[in-house]
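The values are calculated or read from the model by the stated rules, or taken from the named source; none is laboratory data. Remember, predicted model here, so these are calculated numbers, not experimental data. Cβ: placed from backbone, ideal geometry, glycine included. Neighbour counts: every protein chain shown. Side chains are part of the model used for accessible areas, which takes the heavy atoms of the whole protein and leaves out ligands, DNA and RNA. Shrake-Rupley method; radii C 1.70, N 1.55, O 1.52, S 1.80 Å.
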Amino acid sequence: MSDRSVSLVKWIDFQSLGDERGSLVAVEIGKEKAVPFAIRRIYYIYRTEAGVSRGFHAHKALRQVAIPVAGRCRMVLDDGYSREDVWLDNPTRGLLIDSMMWREMHDFSADCVLLVLASEHYDEEDYIRDYQRFLAGVK
């Protein structure tokens, strides 16, 4: 692992609007502090059983923003040189995950709903599911 001082964690803070009726967060493209790519796919992860971890892959080209709309989980990001853990626990804050970034998701709360915005449609050929192959691609 490297001693690079650049953080792998890149947040996008979304504005929360609300009043006595509740709160609303709008996700936009093309504005400052917005999603930095056209969204081509949206999915969410929910009802992840206790002790189950997910992810364990990287994408060659795909970029994503992960937003915990309910509950929380821990994300591990790895660029092949360093690893960082971060808690996703704020529905007004999205984690930008660049291409060629290994990701793992752990410690899902029972109520976790993780919304993911993706730059491309699903393509199995874009996945790198073997960590050693990932490392070979970034070094």
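Numbers below:
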| quantity | calculated |
| --- | --- |
| Flag if residue 122 is touching a Phe, Trp or Tyr at 6+ places or on another chain (Cβ under 9 Å), surrounded by 15 or more Cβ atoms within 10 Å (Cβ to Cβ) and hydroxyl-bearing (Ser, Thr, Tyr) | no |
| Within segment 104-114, tally of residues that are surrounded by fewer than 19 Cβ atoms within 10 Å (Cβ to Cβ) and part of a strand (DSSP E or B) | 3 |
| Total residues in segment 52-76, condition open to solvent by 30 Å² or more (accessible area, probe 1.4 Å) and either of a type in the set (Phe, Trp, Tyr) or in contact with a Gly (Cβ under 7 Å, 6 or more places away or on another chain) (or both) | 1 |
| Test for residue 99: is it open to solvent by less than 40 Å² (accessible area, probe 1.4 Å) and either touching a residue at least 24 places away in the same chain (Cβ under 8 Å) or part of a strand (DSSP E or B) (or both) | no |
| Matching entry among 69, 76 (being part of a strand (DSSP E or B), under 20 Å from residue 134 (Cβ atoms) and either in contact (Cβ under 8 Å) with a residue 24 or more places away in the chain or not charged (D, E, K, R) (or both)) | 76 |
| Considering residues of segment 84-96 that are in contact (Cβ under 8 Å) with a residue 24 or more places away in the chain and more than 15 Å from residue 69 (Cβ to Cβ) only, the residue most open to solvent (accessible area, probe 1.4 Å) | 84 |
| Whichever residue in segment 1-51 is open to solvent by 60 Å² or more (accessible area, probe 1.4 Å) and within 18 Å of residue 85 (Cβ to Cβ) and, among such residues, is modelled with the lowest pLDDT | 1 |
